[in-house]
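Below: one structure, written as structure tokens.
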Amino acid sequence: MSPVIIDGKYTSDKIKKEIAQRVEEIVANGGKRPHLVAILVGNDGASQTYVGHKERACKEVGFDSTVLRFEDSITEAELLDVIAELNSDDHVDGMIVQLPLPKHIDEQKVIEAIHPEKDVDGFHPANVGKMMLGLPTMLPATPAGIMCLLEEYNVETKGKNCVIIGRSNIVGRPLANLLSQKGKYADCTVTVCHSNTKNIEEHTKNADIIVAALGKAGFLKGDMVKEGAVVIDVGITRVPDSTKKSGYRLSGDCDYETVAPKCSYITPVPGGVGPMTIVSLMLNTLKSAEGK
Ligand code: GUN
């Protein structure tokens, strides 16, 4: 079988153009450009790349963007002060603190310090709670991006068995919640597999939709997948590769060569879920700016 490749780059470019148009309308009507602030602590290479992508996307859609960079040595109290200032700054519509943070900083405390209306990552308990209840809120960016792709490609989800591998607060658990809610591109029967799940392949082999979000390069193999399954690959791991100038290549959580031939739809890495995560963040920032 030759799968439909779910093109996150194309879809995200289309949405970015729509956002850019909306921003120009706002500005033409005397409003101000939405402003996203990203806080980056330390020198983690992947985090620097992600924040760079977010900054570039802001430029593309016409947002103002600021990146606040801090050394690993910043204290928790200092970081909380920075967040408090941004909370009360009317020129800031949304903020994200790139995770992970150094071990001496309590991530949950930091997430809870962000005002829920500026929490464009959708990580604050108030926003997570609203999502759980199916109320309008800031949805976390990666799950929202995946839901958007299912809709864009008109993937049939009603009553389907969906297996999510990975139970993170950022992807697996919120996505399980969204896919099990009532709705046109939801209404799935969801199973969440994790590091203590026995015989994962017994679950994946019965799945109509598989979301691989565990962060292990090439984990899902073709023999774990049913013929005709929809596979959404959230993984993006740097794998050493001496043939590349950078010294690494990006690998998803699926072994694409063996998985793709069995699928009806599959997201590539890169160019699948990744660009959608960024565009969801832009949509949340626009929503926050327009909510004022
Ligand atoms: N680290 C990995 N993914 C994310 C994300 O979506 N938001 C933030 N803030 N940090 C991350």
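Values quoted throughout were computed directly from the atomic coordinates according to the rules given, and no laboratory measurement underlies them. Not measured: the values here are computed from a predicted model. Note: ideal-geometry Cβ built from the backbone for every residue, glycine included; neighbour counts use all protein chains shown.
Results, tabulated for the structure shown:
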| item | result |
| --- | --- |
| Number of the exception - Pro268 against (1) more than 17 Å from His53 (Cβ to Cβ); (2) away from the ligand (no atom under 16 Å from the Cβ); (3) not basic (Lys, Arg) | (1) |
| Matching residues in region 31-85 - criterion: being closer than 21 Å to Asn284 by Cβ, part of a strand (DSSP E or B) and not hydrophobic (A, V, I, L, M, F, W, C) | His35, Asp64, Ser65, Thr66 |
| Test: residue in region 117-133 that is within 14 Å of the ligand (Cβ to nearest atom), more than 30 Å from Tyr10 (Cβ to Cβ), without any contact (Cβ under 8 Å) to a residue 40 or more places away in the chain and polar (S, T, N, Q) | no |
| Any strands (runs of 3 or more DSSP E) falling wholly within region 152-213 and containing at least 2 residues that are more than 21 Å from Gly228 (Cα to Cα) and under 19 Å from the mean Cα position of the chain (by Cα) | none |
| Number of positions in region 86-108 that are assigned to a loop (DSSP other than H, G, I, E, B), of a type in the set (A, V, I, L, M) and within 14 Å of the ligand (Cβ to nearest atom) | 3 |
| Some residue of region 273-290 being in a strand (DSSP E or B), more than 17 Å from Lys216 (Cβ to Cβ) and more than 16 Å from the chain's Cα centre (by Cα) | no |
| Only listed residue being β-branched (Val, Ile, Thr), out of contact with any His (no Cβ under 7 Å at 6 or more places or on another chain) and away from the ligand (no atom under 16 Å from the Cβ), chosen from Thr237, Thr258, Thr277, Thr285 | Thr258 |
| Contacts under 9 angstrom Cβ, first residue in region 252-275 being on the phi > 0 side of the Ramachandran plot, partner surrounded by fewer than 24 Cβ atoms within 10 Å (Cβ to Cβ) and β-branched (Val, Ile, Thr), 6 or more apart | Gly271/Ile5 |
| Single residue of region 242-272 satisfying the filter (among the basic types (Lys, Arg) and more than 18 Å from Lys216 (Cβ to Cβ)) that is surrounded by the most Cβ atoms within 10 Å (Cβ to Cβ) | Lys262 |
| Region 48-71, subset touching a strand residue (DSSP E or B) at 6+ places or on another chain (Cβ under 6 Å) and polar (S, T, N, Q), residue surrounded by the most Cβ atoms within 10 Å (Cβ to Cβ) | Ser65 |
